[in-house]
1. May I ask you to compute the full-extension gain from His38 to Met218, defined as 0.36 nm times their residue separation minus their alpha-carbon distance, rounded to one decimal in nm?
2. Which order results if Cys20, Cys92 are arranged by neighbouring Cβ count within 10 Å, fewest first?
3. Give me the base-10 log of I(q)/I(0) for the chain at each q in 0.08, 0.15 Å⁻¹, Debye formula, one uniform scatterer per Cα, rounded to two decimals.
4. According to a simple spin-label model (label point 7 Å from Cα along Cα-to-Cβ), what is the distance in nm between Arg249 and Glu152?
5. Once you put a point 7 Å from the Cα of Leu209 and another 7 Å from the Cα of Glu90, both along the Cβ direction, what distance in nm separates them?
6. Compute the distance from the alpha-carbon center of segment 23-44 to that of segment 231-256, in whole Å.
7. Set Lys and Arg Cβ to +1 and Asp and Glu Cβ to -1, take the dipole of the chain about its Cα centre, and tell me which of Leu160, Ala225, Ser137 lies farthest positive.
8. Charges at C-beta only: +1 for Lys and Arg, -1 for Asp and Glu. How large is the resulting dipole of the chain about its Cα centre, in Debye rounded to 20?
Amino acid sequence: MLDSFGRDITYMRISVTELCNLRCRYCMPEDGVCKKAHEEMLTEDEIITAVKAAASLGITKLRVTGGEPLVKKNILSICRRAAAVPGIRELCMTTNGTLLPALAVPLREAGVRRVNISLDTLDAGKFRYISRCGELSQAVDGIRAALDAGFEKVKLNAVLIGGFNDGEIPALAELTRRYPLDLRFIELMPMYDCGDFGPDAFIPCTVVLDRLPELEAMAPDGGVAKLYRLPGAQGSIGLISPVSAHFCRDCNRIRLTADGKLKPCLHSGDEYSLKGLDFDGMAAELRRAILCKPSWHGVLDAGNRSRAGRSMNQIGG
Ligand code: SAM
Ligand code: SF4
């Protein structure tokens with residue numbers, strides 16, 4: 001369905017939980033989330049009804065996210081049912097990877113075609129620091145499990161943080177030479193309530209081009225990343241610049257939170273509730289949300305924080 005600015009909205013990100021087994025500093029508060037009442041959250045049946053309503057309006061691609069989607073007990077059933085909804089052509093997932101060793105194969109069998117795994121650093125101490133409690137080895141084991149499970153694509157997401165991991169750009173990029181992995185550098189977004197990152201942390205993705213002059217530009221693939229490749233590499237390197245060069249004009253996505261709120265824009269506080277609605281009610285709200293999608297997210301930087309009104313784990317990224 002076209003929004004009021006002529007953008008064809010074909011992609012819905014679904015956060016299935018706000019909970020997570022990590023506590024990344026840019027994403028969620030140290031003490032985690034204030035656990036909401038079970039009744040406030042979408043049930044599995046409601047998630048699937050929302051997918052059917054979205055598909056009836058032209059959504060063809062879904063990304064399951066969170067919080068950490070793999071801590072959700074019924075994640076395989078949600079994926080299996082969502083992938084089978086007529087009109088849905090592609091089901092992807094974004095995960096921190098730590099639970100993939102046990103779940104990669106069942107997820108692939110449930111219909112997940114592509115996975116994005118978050119990996120900001122290759123240094124065990126820095127991984128522990130940024131995630132506040134995680135172990136690098138678990139994420140690496142998850143990446144290996146994803147590669148072995150036969151997903152159509154395995155991508156790594158690295159949030160670029162000045163003074164933290166900008167020195168690791170070459171080492172992270174090297175992974176695309178050694179493995180069939182695509183790497184995405186994502187600019188740190190200033191969420192309103194998380195992280196204590198000063199202005200120096202917010203660096204543009206163009207620093208990747210400065211550090212890796214040998215990168216060769218690739219043709220766009222329809223996504224939001226500007227694509228490059230190291231000579232001879234198996235995978236691509238993408239730069240995603242929501243802060244320094246926003247891509248709102250081409251934004252084709254809406255987001256559904258675990259508590260049933262449709263967010264037409266990641267950085268807007270506008271939300272439309274699907275909780276408790278039937279198919280027709282959900283389709284009507286989806287239509288309303290798509291028509292009210294703003295033209296862009298407004299200025300974002302260290303001094304102009306996101307107006308999302310939620311931390312990232314409560315939206316899904
Ligand atoms: N737990 C899963 C994971 O970490 O991949 C899925 C949810 S997480 C909210 C989705 C994506 O959002 C991750 O790639 C994460 O790095 C990214 N993210 C979280 N907070 C961010 C921020 N402030 N700026 C940029 N990306 C962020
Ligand atoms: Fe959890 Fe993902 Fe947020 Fe890290 S980025 S705290 S893994 S939801």
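1. Answer, rounded to one decimal: 60.2 nm.
2. Lowest count first: Cys92, Cys20.
3. Once normalised to I(0) and log-transformed, intensities are -0.33, -1.31.
4. 2.8
5. Modelled inter-label distance: 2.4 nm.
6. For segment 23-44 versus segment 231-256, the Cα centre distance is 26 Å.
7. Ala225
8. 560
Each reported figure results from applying straightforward, stated rules to the coordinates on display, with no laboratory input. All values derive from a computational prediction rather than experimental measurement. Neighbour counts are summed over all protein chains in view; Cβ atoms, including those assigned to glycine, are modelled from backbone coordinates with ideal geometry.
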